[in-house]
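The values are calculated or read from the model by the stated rules, or taken from the named source; none is laboratory data. Every value quoted in this text rests on a predicted model; they were computed, and no experiment measured them. As a convention, Cβ positions derive from the backbone with ideal geometry for all residues, glycine included, and neighbour counts pool all protein chains shown.
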Amino acid sequence: MKTKSGNFVLPGDPLGVTEEFVPADWTYEDDGKIRSLVAGTVQVDNKNKKISIIPKTNSPSLLKIGVMVFGQISEVRGQRALMKIEGAKGSTRSLTTSFSGGIHISQADRGYVSKLTDEFRIGDLVEARVTKIIGLDNVDLTTVENELGVIKAMCTNCRDFMKKVSKSEVICPNCGRKERRKLSSNYEG
Ligand SMILES: [Zn+2]
């Protein structure tokens, strides 16, 4: 992999392999690969073999109603999906604490949604808008608008990122599995 310091990356972009590097700030490990959790600038520390990201985000404590955020789905159950918020869109300051967002089934998509698992799955990268501040580290979110929703879907079978095939369907390039999602009009891939 040819990631260099100063490169701009998006959530999910591959940065290196764990045989060569240790995942540091704002990265995660995914089956031997190091990927970026956030949109931001790559920092490669060749001496200590670490890769980290300087996020292009705002402090979550500054989250306000109406702000667009991005993050990764951590749980989907019954009427509510939970998302670990990685940052606010269009801001430059890095996160200081971890924020969690809840998406109620009524706020996931236009019209009636029978199953929340047709909208989101664990590991999906999502963009959403804040509708309510619940606490210091907790907000309610909506993904109803066209440009909101899943921007990268993770296959429930093999955890590879999936390709868009229609407005609400994605396919896994690795195992061929098809799944439904509430896709953002900005879906990447
Ligand atoms: Zn798959």
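Search the range 162-178 for residues being more than 8 Å from the ligand (Cβ to nearest atom) and free of Cβ contacts under 8 Å to residues at least 12 places away in the same chain, and hand back the single one that is surrounded by the most Cβ atoms within 10 Å (Cβ to Cβ). Result: Ile171.
Within the range 129-141, does at least one residue satisfy the condition of being over 19 Å from Arg35 (Cβ atoms), surrounded by fewer than 16 Cβ atoms within 10 Å (Cβ to Cβ) and charged (D, E, K, R)?
Of the residues in the range 129-141, the ones over 19 Å from Arg35 (Cβ atoms) are 129-141.
Add one more test, that the residue is surrounded by fewer than 16 Cβ atoms within 10 Å (Cβ to Cβ), and what stays is 132-138.
Still in the list and also charged (D, E, K, R): 132, 137.
Within the range 129-141 (the criterion being over 19 Å from Arg35 (Cβ atoms), surrounded by fewer than 16 Cβ atoms within 10 Å (Cβ to Cβ) and charged (D, E, K, R)), the answer is yes, since at least one residue qualifies.
Looking at Arg121, Arg110, just one residue is of a type in the set (Lys, Arg) and surrounded by 16 or more Cβ atoms within 10 Å (Cβ to Cβ), and that residue is Arg121.
Being charged (D, E, K, R) and either without any contact (Cβ under 8 Å) to a residue 12 or more places away in the chain or not in a strand (DSSP E or B) (or both) is the filter here; which residues of the range 112-161 pass it? Across the range 112-161, the qualifying residues are Lys115, Asp118, Glu119, Arg121, Asp124, Asp137, Glu145, Glu147, Arg159, Asp160. Kindly evaluate Val126 against the criterion of being surrounded by 14 or more Cβ atoms within 10 Å (Cβ to Cβ), more than 16 Å from the ligand (Cβ to nearest atom) and modelled with pLDDT under 95. Here the answer is no, as Val126 does not meet what is asked. Does Ile133 qualify as being among the hydrophobic types (A, V, I, L, M, F, W, C), closer than 29 Å to Leu63 by Cα and at pLDDT 95 or above? Answer is no for this residue. The set of residues in the range 68-83 being in a strand (DSSP E or B) and surrounded by fewer than 15 Cβ atoms within 10 Å (Cβ to Cβ) consists of Ser74, Glu75, Arg77. Based on this model, can you work out whether Arg181 counts as surrounded by 22 or more Cβ atoms within 10 Å (Cβ to Cβ), in contact (Cβ under 8 Å) with a residue 40 or more places away in the chain, within 16 Å of the chain's Cα centre (by Cα) and within 16 Å of the ligand (Cβ to nearest atom)? So Arg181 fits the description; yes. Annotation: of all residues in the range 6-30 being more than 15 Å from Lys56 (Cα to Cα) and assigned to a loop (DSSP other than H, G, I, E, B), the one that is nearest to the chain's Cα centre (by Cα) is Ala24. Can you spot a residue in the range 75-95 that is more than 13 Å from the chain's Cα centre (by Cα), more than 20 Å from Thr143 (Cβ to Cβ) and modelled with pLDDT of 85 or more? Checked against the condition, which is being more than 13 Å from the chain's Cα centre (by Cα), more than 20 Å from Thr143 (Cβ to Cβ) and modelled with pLDDT of 85 or more, the range 75-95 yields no hits at all.
Of all residues in the range 143-160, those satisfying the criterion of being within 9 Å of the ligand (Cβ to nearest atom) and either at pLDDT below 95 or over 18 Å from Leu116 (Cα atoms) (or both) are Cys158, Arg159, Asp160.
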